[in-house]
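For reference, the structure discussed in these notes is given below.
The values are calculated or read from the model by the stated rules, or taken from the named source; none is laboratory data. As the structure is a prediction and not an experimental result, all values here were calculated from the model. Note that each Cβ is placed from the backbone with ideal geometry, even for glycine, and that neighbours are counted across all protein chains shown. Heads up: the accessible areas ignore ligands, DNA and RNA and are worked out on the full protein's heavy atoms, side chains in. Shrake-Rupley method; radii C 1.70, N 1.55, O 1.52, S 1.80 Å.
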Amino acid sequence: MSDSRKGKRPLVADRRYPKKAAKKPARKAPAKRRRAAPKRPQRNIFVRLFRWMMRLIWWITWRVGLTVTAVVALAVGYFWTTLPDVNELLDGRARGSVTLLDREGDRFAWRGDQFGGAVMAGTVAPGLKNAVVATEDKRFYRHFGVSPRGVASAVRINLREGRGPLQGHGGSTITQQTAKLLCLGVEYEPSEWESEAAYVADCRRGSLQRKAKEAIYAMAMEAKYSKDEILSIYLNRAYMGGGAYGAEAAAQRYFGKPATDLNPSEGAMIAGLLTAPSRMAPTSNLQRSQERAATVLRLMGEQGYLSDAEVAKWQQNPANLSPAARRKAGGYFADWVMSTGPEFFTRNTTEDVIIRTTLDQRLQSAAEDALKEVFETKVREGSKAQAAIVVMSADGAVRAMVGGRETRVAGVFNRAIQAQRQTGSAFKPFVYAVALELGYSPLDFVDDEPLTLDIPGSGRWSPRNYTNTYSGRVTLTKALAESLNIPAVKVSESVGRDLVRRVARDFGIDGNMADGPALALGASESTLLDMTGAYAGILNGGSSVTPYGLIDLRLQGDDEPLMGTGGGIGERVIREGAARELIWMMEKVVSEGTGQRAQFGGREIAGKTGTTQAARDAWFVGFTADYVAGVWMGYDDNTPLTGVTGGGLPAEIWRETMVRIHEGVPASPLPLQVPERAKRQAAPAPAPQPAPRQQEVPRTTEGLIEMLVRDILGGGRSR
């Protein structure tokens, strides 16, 4: 029997309940070392607070930024809709201008806001366009209307120079400056502003709020217009000194040429005016303007607009003023013409007006130079004495006018037309004009002797001669030549003061006439212009003249004038024969009497000196065949002159003026008439010749009567 247990498969039950292994003593396992959990670092509360604040700031910033961007975009869009066509913005003046031309048609003075016409950045001279960009906004073609870099640079400069961040340099772009010139689209309305100056001051305010609005308006302009259109507006509206608004007006004002023809040196000078137009104007200080232009040329070279050689060339050949701008003559004359024209076409014009005048710039310069020379060489230094000169033709056309010692001025007191002064003995020719008109002869006699008159309401009056001496029996001619007072009073009383007053007034002396016998001695007042015009009436043969300076007036661009002259020769005052005899008498004043210092060049000259009581006024008024000139000298406050009479310094000023005026003018005789008796006295006695045999003609009764009358009246007036 086999061993049945060998290979015997275990019972299922056995598998279900395995035998338990004998327990072995458990081996104590080494205890696992517990790893400590890493400690979480404690966050600093300040760091957490900072991060929270940064997140908050970012959250606010992008929302605020988005809001601000939206608001700015809306504001830019609004201003964009209000901007007009670019052509409507080129001329921004509220008033018009007046350009004055001399008798040759050349400009010599400007009044009002000058605007020479619109220029465009694309057609203006490159030297001017590049100079403006180089000096005003070198990044003009690269920014969007506002330059953050420029603003930051300006703030840094202001702080470095000790000013506030917005004081001084503004960092404004050309676009922002143009926005300011446009006053941010606010037009001038007289009813809404106290004055135009107040409106301009408001436009120029530099507050932070204004700057922000200006920047928005500038961006709207950038969106609406091209860069060249913006630059065109700027070039046309910017003030450039000397009353000139815009590049064209400045080019004409300073250089006498259009803005398209400017060279780089001239363009640099105009661009240099933009920082301080009045102070930098070349008519105010040419050297300062040239120095500023040299700086602008250097900037143009640094920015590539000019080569180094070109910069050196134009710096060595600086711009110079045109002859008209350099002379700056006729300021007093221009003021006078402006005052004589209609106000709505002169002082308050809203149009651009061209006035052609009678001024002769050569004669004007002659008068100014003569006055300057006499005061520099013959008047003590520091003297406050003043003088005035008027030169005119015999028809009353004023050729030159000087209203005071300061000749390069405008808008000041004009002593030639505004000063009413006593005329003194310069009035005497009108006394003798009446006598000649009534039939007196220049060779009639009058007694120069002590005289006393009873004046109702004033008592006894005893006039004296300047020398306090008496000449006895003298002719009317000698009485005028030596300026004797008593004969003048006697003649005036003889012919009648009313007639003297009327003739003087008809000749143009429009001041208050004295009522008493002192009328003959020039106690009445007049202006130098009126006195010179009255003497012109004597020269032209006895007809009155109205002094005038305006020939015609027209609007710029028009060919037909709106008005013509309002002066010239008027009605006859005295007979031509009487005027010619008076000229002969007045010629003796210069050739033999008190006016001898006025002689020059061997020319025939007629005139009259005048010195008032206490020498408060000194006059010399006279003429050649070509021109009439009057000179007054005195103090504005009526202080007496020291050692000055009409035959002294005034006559010398007159002579120096007329010498210059008559350069190159051939000498012409005066239109005088020599009295018949003077001709007979001057003529040599004819040689005796045998009388031819002829039948004796019996005298008629008429001839006998004529001889009898001549014998009876032989001691009376001669004819």
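List, largest first, the extents of the alpha carbons of segment 411-547 along their principal axes, each in whole Å.
49, 34, 26
What are the ³J(HN,Hα) values, in whole Hz, obtained from phi via the Karplus relation 6.51 cos²θ - 1.76 cosθ + 1.60 with θ = phi - 60°, for each residue of segment 229-234 in sequence order, with x given for Gly and Pro?
With coefficients 6.51, -1.76 and 1.60, one gets 5, 5, 5, 5, 4, 4 Hz.
Once you list every other residue whose beta carbon is under 15 Å from the beta carbon of Pro666, what net charge do they have if Lys and Arg are +1 and Asp and Glu are -1?
Working: positive: Arg603; negative: Glu604, Asp626, Glu663.
So the environment of Pro666 carries a net charge of -2.
How large is log10 I(q)/I(0) at q = 0.09 Å⁻¹ when the Debye formula is applied to the Cα atoms of segment 471-627, each weighted equally and without solvent?
The computed values of log10 I(q)/I(0) come out as -0.34.
Can you give the Rg/Rh ratio of segment 373-431, where Rg is from the C-alpha atoms and Rh is the Kirkwood radius?
Values: Rg = 13.8 Å, Rh = 13.7 Å.
Result: Rg/Rh = 1.01.
Report the label-to-label distance for Ser591 and Ala212 in nanometres (one decimal), using points 7 Å from each Cα along the Cα→Cβ vector.
Result for the modelled spin labels: 8.7 nm.
Tell me the carbon and sulfur percent of the accessible area for segment 631-674, rounded to whole percent, probe radius 1.4 Å.
On the way: 910 of 1740 Å².
The nonpolar share, carbon plus sulfur, comes to 52 percent.
How much accessible area per residue does segment 629-682 have, in Å², with a 1.4 Å probe?
Values: 2390 Å² over 54 residues.
Dividing the accessible area of segment 629-682 by its residue count gives 44 Å².
In terms of Cα to Cα distance under 19 Å, which aspartates and glutamates are near enough to Lys257, apart from those fewer than 8 places away along the same chain?
Straight-distance partners of Lys257: Asp102, Glu104, Asp106, Asp113, Glu248, Glu266, Asp352.
From the P(r) of segment 557-691, can you give the percent of Cα pairs sitting at distances over 28 Å? Before the final figure, lay out the partial values.
On the way: 3430 of 9045 pairs.
In whole percent, the share of Cα-Cα pairs in segment 557-691 beyond 28 Å is 38.
With just the Cα atoms defining each centre, how far is segment 634-651 from segment 546-579? Give it in Å.
Centre-to-centre distance over Cα atoms comes out at 33 Å.
Under 16 Å between alpha carbons, and skipping anything fewer than 8 positions from Lys372 in its own chain: which aspartates and glutamates qualify?
Correct list for Lys372: Glu381, Glu406, Glu652, Glu656.
So, taking all protein chains as they sit and a 1.4 Å probe, how much accessible area belongs to Phe144, in Å² rounded to tens?
Taking all protein chains as shown, Phe144 has close to 110 Å².
Within a Cβ distance under 14 Å of Lys213, other residues only, what is the Lys/Arg minus Asp/Glu net charge? Before the final figure, lay out the partial values.
On the way: positive: Lys180, Arg204, Arg205, Arg210, Lys211; negative: Asp202, Glu214.
Net charge in that neighbourhood comes out at +3.
How many nm is it between the label spots at Trp62 and Asp308, if each spot is 7 Å from the Cα in line with the beta carbon?
Computed distance between label sites Trp62 and Asp308 equals 5.3 nm.
How high is the FRET efficiency from Asp510 to Glu187, r the C-beta distance, R0 45 Å, rounded to 0.05? Walk me through the intermediate numbers first.
Details: r = 45 Å, r/R0 = 0.99.
Once the sixth-power term is evaluated, E becomes 0.50.
With a probe of 1.4 Å, find how much accessible area segment 166-245 has per residue, and write the answer as a whole number in Å². Write out the running numbers ahead of the final one.
Working: 3570 Å² over 80 residues.
Ligands and nucleic acids excluded, the result is 45 Å² per residue.
Starting from the Cα-Cα distance between Tyr466 and Asn87, subtract it from 0.36 nm times their residue separation and give me the gain in nm to one decimal. Could you put the intermediate results ahead of the total?
On the way: separation 379, 0.36 × 379 = 136.44 nm, distance 7.10 nm.
Difference between extended and current length: 129.3 nm.
Take Phe600 and Glu376, extend 7 Å from each Cα along the Cα→Cβ direction, and tell me the distance between the two endpoints in nm.
Distance between the two pseudo-spin positions: 1.6 nm.
Where Rh is the Kirkwood radius over the Cα pairs of segment 600-660, the temperature 10 °C and the viscosity 1.306 mPa s, what D in µm²/s does Stokes-Einstein return? Let's see the in-between values first.
On the way: Rh = 11.8 Å.
Value of D from the Cα-based Kirkwood radius: 134 µm²/s.
Peptides 445-453, 531-539, 402-410, 236-244: what's the order by average Cβ count within 10 Å, highest mean first? Let's see the in-between values first.
On the way: 445-453: 15.6, 531-539: 28.8, 402-410: 18.7, 236-244: 23.1.
Peptide ranking by packing, descending: 531-539, 236-244, 402-410, 445-453.
Cα extents of segment 294-403 along the three principal axes, largest first, in whole Å?
59, 46, 25
Quote the FRET efficiency, to the nearest 0.05, computed for Gln556 versus Arg142 with a Förster distance R0 of 56 Å and r equal to the Cβ-Cβ distance. Kindly include the intermediate steps, with their values, before the conclusion.
Details: r = 39 Å, r/R0 = 0.69.
Efficiency, rounded to the nearest 0.05: 0.90.
Of all accessible surface on segment 371-475 at a 1.4 Å probe, what whole percent is carbon and sulfur?
Numbers: 2250 of 4880 Å².
Result for segment 371-475: 46 percent of the exposed heavy-atom area is carbon or sulfur.
With the cut-off at 23 Å, tell me which of the pairs Lys129/Lys211; Lys428/Lys490; Lys478/Lys679; Lys378/Lys478; Lys384/Lys588; Lys129/Lys313 have Cα atoms farther apart than that. Working shown, then result.
Numbers: Lys129/Lys211 26 Å; Lys428/Lys490 12 Å; Lys478/Lys679 16 Å; Lys378/Lys478 30 Å; Lys384/Lys588 33 Å; Lys129/Lys313 19 Å.
Beyond 23 Å: Lys129/Lys211; Lys378/Lys478; Lys384/Lys588.
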